[in-house]
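Just so it is clear, none of the values below were taken in a lab; they were calculated from the coordinates. These figures come from a predicted structure and were not determined experimentally. FYI the Cβ positions are ideal-geometry reconstructions off the backbone, even for glycines, and counts take in every protein chain you see.
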Amino acid sequence: MTRGEIFDLKDVRIKIEAVARVVVRNNEGDIQIRDVEQGVDVKTFEGDISVEDSGGAINLDTINGSILVYNVEPKEVGDMLKAKNNSGSVVLQDVQHSVVEAISISGFIRFTGEIQDSGTYTFNNTSGQILLTIPKKSSSMIQVLSEKGKFVYDFPLRVVNENNLSGSMRKLSLQ
């Protein structure tokens with residue numbers, strides 16, 4: 001390679017395994033992370049992100065792609081899992097973090113696993129579904145803010161507070 005050459009790397013697939021910590025910034029292409037012990041920080045504009053069997057603080061961001069997180073855990077108190085995308089799904093399964101934030105503007109969010117004691121879980125979706133699959137014996141307070149959608153659940157919840165805000169905006173607090 002001589003100085004000044006520019007390479008157009010389209011459809012790049014990055015795969016990283018068994019390192020202590022990883023930081024990746026990428027314009028286009030899928031990113032697969034596995035077996036990272038002390039934290040993951042990944043941003044891509046065009047591509048899917050998957051993280052498996054890893055730990056520490058996890059921050060994932062894609063503009064146009066999906067995010068899959070499986071079997072992750074914090075390493076220190078306060079380690080957060082944040083997964084954000086504009087156009088695609090966010091799937092979180094077997095997550096041990098007690099601070100979780102999942103954001104999708106036009107896709108679905110799916111969380112499967114246990115709710116940690118004293119945890120804070122934020123699921124924010126502008127125009128898609130949020131599906132939570134949690135054990136029956138979970139104890140939590142749920143707040144739902146819905147403008148156009150509906151809230152459907154198949155486990156016993158008690159409405160603590162319900163407010164009609166403005167127009168079609170509605171806020172529910174459930175336990």
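What nm distance separates the two modelled labels at Asp117 and Gln32, each placed 7 Å from Cα along Cα→Cβ?
3.8
Rounded to the nearest 20 debye, what is the charge dipole size of region 21-74 about its Cα centre when +1 sits on each Lys and Arg Cβ and -1 on each Asp and Glu Cβ?
160
Among Lys15/Lys137; Lys15/Lys82; Lys43/Lys136, which pairs are too far apart, with a Cα-Cα distance over 26 Å?
Lys15/Lys137; Lys43/Lys136
Please report the net charge: other residues with Cβ closer than 13 Å to the Cβ of Lys84, K and R +1, D and E -1.
-1
Which FRET efficiency, nearest 0.05, do Ala18 and Asn163 yield, Cβ-Cβ r, R0 45 Å?
0.35
Over region 50-126, what number does the Rg to Rh ratio reach, with both radii from the alpha-carbon atoms and Rh per Kirkwood?
0.94
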